[in-house]
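Visitor: Just passing along the structure, written as structure tokens.
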Amino acid sequence: MDLKTLFKNKWLLFIAAIGILLLLIGSYLPARHNQSTSVVPTLGAAATGDGGGSASTPPTDGAGQGDAVTQIEESYDSQLENILGKIAGIHAVTVMVTVDSTGTLNVAKNNSSSKTVTGSGSSSSTTTTENDQIYTSNNGAGGNGPFVLSNVQPNVRGVLVTVNADDFAVAKSEIVESITNVLDVPAYKISVEPQKEN
């Protein structure tokens, strides 16, 4: 490598030095954490207000969360089957969606802490008290519930679609494009297969 040509492009060296400097500075700075919110797992229908449990407490057993995941998957399945069945050239469609978890609710919290130092000189004692309270608000049905900042939907792991269509190749491309746009799932996680002829 010829160093003369490298030094002729001094602006390139200057930009590279700034980039390396920014990377080093960024690695030493502490990450910012937002301590005003708390993440609470939802219970499927409780996140939408349809009942079925309290949205402010996580499920205590694995079966409750499994049922909530199944409800979310079945909801996605029926909605996608309904809308994909309306595409021109598609006669029958069956959809199966798998998700990671039930999603999360971010609720507003009031974090307060106090620190007291007692004693003097070499014999002192420090007491720290932390108090976390979840903000509540009226939910319209006469009750109180947590103040929800955001409702994060679960991540979709994969989608399987079986289709009976006039032109399978066209139907497959339209289905993959539709699902990637609706669920924000990459195309490699979507499998579209033809249905068996009866």
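Coordinate-derived values only; no laboratory data. Not measured: the values here are computed from a predicted model.
Visitor: Starting from a Cα-only point model with no solvent, please compute log10 I(q)/I(0) by Debye for the stretch 100-198 at q = 0.19, 0.25 1/Å.
Guide: Taken in order of the listed q values, log10 I(q)/I(0) reads -0.96, -1.23.
Visitor: LYS189: which lysines have alpha carbons under 30 Å from its alpha carbon, excluding same-chain residues fewer than 8 sequence positions away?
Guide: Cα-Cα hits under 30 Å: LYS86, LYS172.
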